[in-house]
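The values are calculated or read from the model by the stated rules, or taken from the named source; none is laboratory data. Since we're looking at a predicted model, the values are computed, not measured. Backbone-built Cβ (ideal geometry, glycine too); neighbour counts: all protein chains shown.
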Amino acid sequence: MRMTTFIAAALGITLAVPAFAQKMLANYPTLTTSAALSAAQAALARCQKDGFTVAVAVVDRGGQPLALLRDNLAGAHTSQTAIGKAATAVSFRTDTTELAATTQAGKAASGVRALPNIVAVGGGLLIRAKGSLVGGIGVSGAPGGDADDACGKAGIAAINDALELE
């Protein structure tokens, strides 16, 4: 008897594989770089049409950047803020406008704002396809979260039909 089998037997641990094998790999939908770029371009175009100089970031379902576009006149802070908004939305599975409201000072979840890399202001939106989270989009630089949200929604709208048909 091998030593590991002996020890396992002594401790009452079963080393046998269960009769039903568990699946070891997960399959899930996520945005492609091409889809992310299309969404970012549409969001940037909407903001430019409205006269706003912004940065737009699109992240995958894990919060990693796939596309980042910045108007050449947008503030230096807007690129990282846009990435942060998109990643925060994905991480908390909620748009950042809603997160901003539920984490205000004095609310039970206010401590969330102290976590590293959390951007709890409007402008971060979830991107879903067929009911599944596939990524997020963040916009930074418009005059207020509602304007950032409008640009982000334009980006999502530009790819939504294609995502639903996949």
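Within the set 69, 31, the sole residue that is in contact with a strand residue (DSSP E or B) (Cβ under 6 Å, 6 or more places away or on another chain), closer than 14 Å to residue 156 by Cβ and of a type outside the set (Gly, Ala, Ser) turns out to be 31.
Any residue at all in the stretch 24-32 that's surrounded by fewer than 24 Cβ atoms within 10 Å (Cβ to Cβ), farther than 18 Å from residue 161 by Cβ and modelled with pLDDT of 95 or more? No, there is no match, as no residue in the stretch 24-32 is surrounded by fewer than 24 Cβ atoms within 10 Å (Cβ to Cβ), farther than 18 Å from residue 161 by Cβ and modelled with pLDDT of 95 or more. Residue selection: residue 103 fails the criterion of being over 19 Å from residue 31 (Cβ atoms), crowded, with 20+ Cβ neighbours inside 10 Å, in contact (Cβ under 8 Å) with a residue 40 or more places away in the chain and polar (S, T, N, Q). Looking at 132, 110, just one residue is more than 23 Å from residue 54 (Cβ to Cβ) and in contact with a Pro (Cβ under 7 Å, 6 or more places away or on another chain), and that residue is 132. Contact list please: Cβ distance under 7 Å, first residue in the stretch 50-74 and over 13 Å from residue 147 (Cβ atoms) and without any contact (Cβ under 8 Å) to a residue 24 or more places away in the chain, second residue of a type in the set (Ser, Thr, Tyr) and outside any loop (DSSP other than H, G, I, E, B), pairs at least six apart or on different chains. From residues that are over 13 Å from residue 147 (Cβ atoms) and without any contact (Cβ under 8 Å) to a residue 24 or more places away in the chain, the pairs are 70/78; 70/79. Restricting the stretch 109-149 to residues that are β-branched (Val, Ile, Thr) and not in a strand (DSSP E or B), which is farthest from residue 78 (Cα to Cα)? Looking at residues that are β-branched (Val, Ile, Thr) and not in a strand (DSSP E or B), I get 112.
With respect to the conditions (1) assigned to a helix (DSSP H, G or I); (2) farther than 16 Å from residue 150 by Cα; (3) touching a helix residue (DSSP H, G or I) at 6+ places or on another chain (Cβ under 9 Å), residue 91 falls short on a single one, namely (3). Remark: residue 106 falls outside the filter, which requires a residue to be out of contact with any strand residue (DSSP E or B) (no Cβ under 7 Å at 6 or more places or on another chain) and either outside any loop (DSSP other than H, G, I, E, B) or at pLDDT 95 or above (or both). Pairing each residue of the stretch 137-161 that is at positive phi with any residue that is among the polar types (S, T, N, Q), provided the two are 6+ apart or on different chains, yields C-beta distances under 7 Å for 141/53; 141/78. If the condition is being of a type in the set (D, E, K, R) and either crowded, with 17+ Cβ neighbours inside 10 Å or at pLDDT below 95 (or both), then the stretch 33-52 contributes only 46. Of note, residue 61 does not satisfy the criterion of being among the basic types (Lys, Arg) and over 21 Å from residue 93 (Cβ atoms).
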